Every structure is written in structure tokens, then in C-alpha cells.
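Here's the structure we're looking at; comments come further down.
No value in this document is a laboratory result; all are computed from the given coordinates. Given the structure is predicted, the values throughout are model-derived calculations rather than measurements. Methodologically, a virtual Cβ is constructed for each residue, glycine included, from the backbone with ideal geometry; neighbour enumeration extends over all protein chains shown.
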Amino acid sequence: MDLRQVIRNIPDFPKPGINFKDITPVMENPEAYRQALEEMTQLLDGTEYDKLAAIESRGFIFGGPMAVEQDKGMVLFRKAGKLPAKTRQVTYDLEYGTATLEVHVDALNAGDRVIIVDDLLATGGTALASAKLVREAGAQVAGFLFMVELEFLGAAALLQKEGPVFSLVKYS
Ligand code: AMP
């Protein structure tokens, strides 16, 4: 199945000029969802890793099923104030204002090889902040995994300094 035909474009969401890639039809179609998970898993063939770190919230859609299937732990990178135990944090710039991501201090161990997972790579700000959280825990970035990459924004070149970048559907 051509996943490009399943992903829906929503022009001018959430604001004028943004062409939003709506992946909800992928999850509504079990064949498409399974294919996305299987092909994303295949992209990691040959990469050794210990844990998947999934970014709230759409990263969870992929991180959860892949972690179970691959028999790896899944670590949650959440927005500020959601995680109940002691956390470490990273704050990063958005187009307007800042955002904070948190992880439980005991979720990553020194030396863990971590794949950072999200639905979509746009400017790379979220993924780079996630890489910082991994490094600050003494763990290492084994790679970044996305279902969709907006290749024309050029973020992969920035991320590659931290680790290899894998993405399934690229828009150039
Ligand atoms: P960024 O930090 O710019 O790479 O943005 C990544 C996050 O924003 C991802 O978690 C996406 O869910 C979301 N995002 C950014 N741009 C888009 C877009 N055009 N379509 C869908 N989601 C987007």
C-alpha cells in the first residue's frame, strides 16, 4: 500500500501556510498501520539499540507497538508536568515561545543505546531536544526514527550530528 495515499494533507492547519500531514487515517486502517510499523522496524535492521524513546504524543503511536514487538523497553518523553516521579528536563525554542520535554531520571541508564521515535520530522527542534535528554542521562542516541520526514526543511542534516536518521515517507 502507498502510505502517501493514506496520509491526509490539511492545508493551513494549525495556522495559515502550514500543510499539516494528518496521519490519523493510517491508524484507522489496520493494514496501513501494520505496514507502517513493520517498515519502520525494518529501517532499524542493522542498528543495535536497547530502548525506544517515544515523544509525546504521536511518537507513542509507533513507539509502543514497536517496543513490544521488538522486546525493548519504551521510555516516555513527555510534556512538562505530566510525569509523576523525579524528572530531568530540556527546554527548547519553538517558533513562538518555548517548550519543555521531561523524562524520568531512572528511565534511561548510562550506556543505553536509544532510538528516538516520533511521527514526523519537521524543523528537528523536538528531536534535537530529545537527543539532549538522552545524552544528559549518560545514554547515547542510536538513531532517530520517523514515519514522515519533511525533507525540504533540511532537519536531517542537523540530526545526523547526533545519530543516524531513519524515515519512512519523505516529502521533498
Ligand atoms: P519539529 O520540532 O519542527 O521537527 O516538529 C515536530 C513535531 O511537530 C512533530 O511531533 C509533529 O507531530 C509536529 N509537526 C510539525 N510540523 C508538522 C506538519 N506539517 N504536519 C504534521 N505534524 C507536524
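Here is how the numbers come out for the structure above:
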read-out	value
Tally of residues being among the basic types (Lys, Arg) and in contact with an Asp or Glu (Cβ under 8 Å, 6 or more places away or on another chain) across segment 1-31	1
Count of residues meeting criterion [away from the ligand (no atom under 12 Å from the Cβ) and either small (Gly, Ala, Ser) or assigned to a helix (DSSP H, G or I) (or both)] in segment 97-118	4
Matching option when the condition is in contact (Cβ under 8 Å) with a residue 24 or more places away in the chain, out of contact with any strand residue (DSSP E or B) (no Cβ under 9 Å at 6 or more places or on another chain) and within 16 Å of the ligand (Cβ to nearest atom), among 121, 94	94
Residues of segment 16-42 that turn out to be part of a loop (DSSP other than H, G, I, E, B) and either within 11 Å of the ligand (Cβ to nearest atom) or of a type in the set (Gly, Ala, Ser) (or both), as a count	3
Pairs with Cβ under 8 Å, 6+ apart, first in segment 12-28 and over 13 Å from residue 150 (Cα atoms) and without any contact (Cβ under 8 Å) to a residue 40 or more places away in the chain, second hydrophobic (A, V, I, L, M, F, W, C) and in a helix (DSSP H, G or I)	25/6; 25/32; 27/61
Selection from segment 124-172 of residues that are closer than 20 Å to residue 102 by Cα, within 10 Å of the ligand (Cβ to nearest atom) and surrounded by fewer than 18 Cβ atoms within 10 Å (Cβ to Cβ)	125
Residue match in segment 54-65 (condition: within 13 Å of residue 116 (Cα to Cα), outside any loop (DSSP other than H, G, I, E, B), away from the ligand (no atom under 13 Å from the Cβ) and not β-branched (Val, Ile, Thr))	yes
Condition check for residue 47: in a strand (DSSP E or B) and in contact with a strand residue (DSSP E or B) (Cβ under 9 Å, 6 or more places away or on another chain)	no
